[in-house]
Amino acid sequence: MNYETISIIRPAAGEDAISKISERTAEIIGAAGGEILAVDKWGLKKLAYPIQKEENGYFVYTVFKGNGAGLDEMERIFRIDDNVLKYMTIRLDDSFALPEKKDAEDSTEQEEVEE
């Protein structure tokens, strides 16, 4: 089954902690027989409402193939990690295809048209 997870990490955690959380997620999914398909670090964003007194959060988007055991363990680790403010996992259709990343040139053209 394919899943996507969006996790919000405490901004004070720093880049090292964010990388460790991503690496640990990949290890857990891999150990349960799954595989990471994509990881996209969206960066620091303002939250719509405070979560645990934090106004900002670092967003990480992860798409992976896996099973229930890997998913349960990943979410268990997220629940006990103080650096993870919130997370949400959604099961995707089997027909899900990863969106292709735009080149820097494409996004520049888009911005010029919009202005």
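The values are calculated or read from the model by the stated rules, or taken from the named source; none is laboratory data. Keep in mind it's a predicted model, so treat the numbers as computed, not measured. Here the Cβ is made from the backbone with ideal geometry for all residues, glycine too, and neighbour counts use every protein chain on show.
Hey, among Asp106, Asp94, Asp16, which residue is part of a loop (DSSP other than H, G, I, E, B), loosely packed, with under 12 Cβ neighbours inside 10 Å and at pLDDT below 95? Steps first, please.
On the way: Asp106 fails: part of a loop (DSSP other than H, G, I, E, B); Asp16 fails: part of a loop (DSSP other than H, G, I, E, B).
That would be Asp94, the only listed residue that is part of a loop (DSSP other than H, G, I, E, B), loosely packed, with under 12 Cβ neighbours inside 10 Å and at pLDDT below 95.
Output the qualifying pairs, or none if there are none: Cβ atoms under 6 angstrom, residues six or more apart or on different chains, first residue in the range 56-68 and among the small types (Gly, Ala, Ser), second residue in a strand (DSSP E or B).
Hits for this filter: Gly57/Ile8; Gly57/Leu47; Gly57/Leu85.
For the range 2-49, enumerate the residues that are in contact (Cβ under 8 Å) with a residue 12 or more places away in the chain and at positive phi.
Gly33, Gly43
Looking only at the range 31-70, which residues are within 13 Å of Glu4 (Cβ to Cβ) and of a type in the set (Phe, Trp, Tyr)?
Of everything in the range 31-70, those that are within 13 Å of Glu4 (Cβ to Cβ) and of a type in the set (Phe, Trp, Tyr) turn out to be Trp42, Phe59, Tyr61, Phe64.
Restricting the search to the range 41-80, which residues are among the aromatic types (Phe, Trp, Tyr), buried (at least 16 other Cβ atoms within 10 Å of the Cβ) and either farther than 23 Å from Gly14 by Cβ or more than 16 Å from the chain's Cα centre (by Cα) (or both)?
Phe64
State the number of residues belonging to the range 28-40 that are in a helix (DSSP H, G or I) and loosely packed, with under 12 Cβ neighbours inside 10 Å.
Residues of the range 28-40 in a helix (DSSP H, G or I): 28-31.
If we keep only those that are loosely packed, with under 12 Cβ neighbours inside 10 Å too, we end up with 31.
Result for the range 28-40: 1.
Test Ile8 against the criterion of being part of a strand (DSSP E or B), under 15 Å from Asp82 (Cα atoms) and either touching a strand residue (DSSP E or B) at 6+ places or on another chain (Cβ under 9 Å) or at pLDDT 90 or above (or both), and give yes or no.
On the way: part of a strand (DSSP E or B): yes; under 15 Å from Asp82 (Cα atoms): yes; either touching a strand residue (DSSP E or B) at 6+ places or on another chain (Cβ under 9 Å) or at pLDDT 90 or above (or both): yes.
Taking the combined requirement at face value, the residue satisfies it.
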